[in-house]
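This report refers to the structure that appears directly beneath it.
The values are calculated or read from the model by the stated rules, or taken from the named source; none is laboratory data. These numbers were taken from a predicted model, which means no experiment stands behind them. All Cβ positions, glycine included, derive from the backbone under ideal geometry; neighbour counts span all protein chains shown. Heads up: the accessible areas ignore ligands, DNA and RNA and are worked out on the full protein's heavy atoms, side chains in. Shrake-Rupley method; radii C 1.70, N 1.55, O 1.52, S 1.80 Å.
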Amino acid sequence: MHQGANRPGPQYLEDLATGYWFSEVLFTAVELDIFTHIERGGKSVEEISEILNCRPAGMERFLQALCAMGLLINYGEKYYNTGLASEYLVAGKENYQGDSILWRKYLVSRWQDLASCLRAGGRVNYGASEEDPAQRAHRIRMYISAMDRVARTKVQEIMPFFAGLSMSRKILDVGAGSGAIAAGFLKRFPAMTATLLDLPEVLSCTQEFMQAEKLVERITFSPTNILEDWPVDTAGFDLVILSNIIHAYSEKEITGILQRASDCLKTDGLLVIHDFFLEHYPEKAALFDLNMFINTYNGKVFSCEWVMQELARLNLYKTELIPLKTDTALIIAGKNKRALARLHLQPVDRLVSSIKTLGFDDVCPVSTDMVHVTDWADLKCRFGCSGYGKGHCPPNSLPPQKTRDLLKDYSRALLLKGQPPTRDFQRRVLQAEREAFKAGFHKAFVFWAGPCSLCDSCATDGKCRNTRDARPSMEGAGIDVFATVRRAGFHLEVLQDKNDFVTYFALLLLE
Ligand SMILES: C[S@@+](CC[C@H](N)C(=O)[O-])C[C@H]1O[C@@H](n2cnc3c(N)ncnc32)[C@H](O)[C@@H]1O
């Protein structure tokens, strides 16, 4: 869905308007636990209808929709789980996401209050003032189970940054939820112990989760309101975790939480902030911010820039924004630069986040094997384009064979996605190439989009006055841009009208 802004108007609007169809099919399939039944062996329409006590006529259409959504496949009479459904939608499996999906369903009715929230300037639905204790306990368990499912997959993405470190002492997990993030560290570093702070009614749930992980002996559960003083040692922790906490409150409260987190850090300790940030996955971050607007008193998604400023005010050193492959990102901070230097941060990850801040819509690492070079691209320039022979367009560009040879010298690249005006895009692309060079990728070289537009006009004698900055375009060098970006998972369609919204891509080769 998030690539859709490039599609012609009405279709994109139709897709937005029917986005809830996708959610409803997924919610229903998870509620019926269809994937768990099918995992035990392929099932026919009749078999699955009988198991779920449904009529075959509707079921066939439902299974067809699940196939279209990539969650089932149909082979002969039988339906089977796809790899995605098998890994994430089968109850009892390590990476099962059903609880977090059903929590999203639970929030659907709140989203229907959006207009009222906008009129009121904040949340309008506060639930029953006297919630039945059993109902409250059930709601908290649903929420913590949902958070647990997400955190378990996130911690798998987070741990590689700590690979090779010898961490042997104390963790403080602030607003720990199920404890899944701290648990990831406890499992990786067997000499560590943890203190988990959360509200008393949540901690009884947390205890059960940690019991199941056989980690309770290494954990102190500390009932605490994290907006007030924390009952823990100042400067006593090697690792302080704030995972999905800063989006829960406003600037004033977060400033206090960051101050207390900093106070708890040992001199060479690390503060890990894991959250949504406006600069990373912007579409999801903006929607998650609305989710906070509707569902909390004052929660919001912050910019990485604001958090960085707060950390600087506390005299902490910090990494760049470290994007995870999914919708959240990390900032890691410490009182001591050497502590940060121990982290295993991939240079490409750091580069991606710094290039994103230059104003690209997306920056995606790809292998150069994915770059598709063709001979027909040159034909399209030679016949059918008024730019042929001008500036750095063909034949003044790289012929396809030269591009193929060049690509053999590189194994990795970044696809940079942006928008017109062409000159602004090309300038940003050049800045990105410089960032890559400064980050140690000495062979960094970029192919941009469109005819070179850096200068107002080309020199009349045909000799470029700006060879320092001019670069070839992807298409002018024989690269099939459509095939290449689609292989990287982007959606790109041929424009139907000259006024349609154009998307530009550049290819930054790294080594
Ligand atoms: C979004 S969950 C994140 C849980 C966990 N850190 C994770 O990443 O999965 C937020 C957690 O913060 C806790 N929390 C929110 N406000 C709190 C407060 N004032 N005092 C203590 N805990 C709080 C909630 O109970 C919940 O467990």
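Meeting the requirement of 3 or more residues that are open to solvent by less than 20 Å² (accessible area, probe 1.4 Å), the helices (runs of 4 or more DSSP H) wholly within the stretch 292-375 are 304-313, 347-356. When you go through Leu114, Leu71, Leu52 one by one, which is the residue that is open to solvent by less than 60 Å² (accessible area, probe 1.4 Å) and either at pLDDT below 95 or within 23 Å of the chain's Cα centre (by Cα) (or both)? Matching residue, one of Leu114, Leu71, Leu52: Leu71. Contact map, the stretch 324-353: first residue in contact (Cβ under 8 Å) with a residue 12 or more places away in the chain, second residue open to solvent by 60 Å² or more (accessible area, probe 1.4 Å) and in a helix (DSSP H, G or I), Cβ cut-off under 6 Å, separation 6 or more or different chains; pairs are Asp327/Lys284.
Output the residue which, of all residues in the stretch 226-236 that are closer than 21 Å to His274 by Cβ and within 12 Å of the ligand (Cβ to nearest atom), is most open to solvent (accessible area, probe 1.4 Å). Selected residue: Leu227.
Return the residues of the stretch 176-217 that are within 23 Å of Ile257 (Cβ to Cβ), open to solvent by less than 20 Å² (accessible area, probe 1.4 Å) and assigned to a loop (DSSP other than H, G, I, E, B); say none if nothing qualifies. Selection gives Ala176, Gly177, Ser178, Gly179, Met192.
The set of residues in the stretch 377-391 being open to solvent by 70 Å² or more (accessible area, probe 1.4 Å) and in a helix (DSSP H, G or I) consists of Leu379, Lys380, Arg382.
Within the stretch 131-144, the set of residues being part of a helix (DSSP H, G or I) and either at pLDDT below 95 or within 11 Å of the ligand (Cβ to nearest atom) (or both) comprises Pro133, Ala134, Gln135, Arg136, Ala137, His138, Arg139, Ile140, Tyr143, Ile144.
Check whether at least one residue in the stretch 237-256 is in a loop (DSSP other than H, G, I, E, B), within 11 Å of Val174 (Cα to Cα) and within 13 Å of the ligand (Cβ to nearest atom), and report yes or no. Checked against the condition, which is being in a loop (DSSP other than H, G, I, E, B), within 11 Å of Val174 (Cα to Cα) and within 13 Å of the ligand (Cβ to nearest atom), the stretch 237-256 yields at least one hit. For the residues Lys170, Lys105, the requirement of being open to solvent by 60 Å² or more (accessible area, probe 1.4 Å) and within 28 Å of Phe237 (Cβ to Cβ) singles out Lys170.
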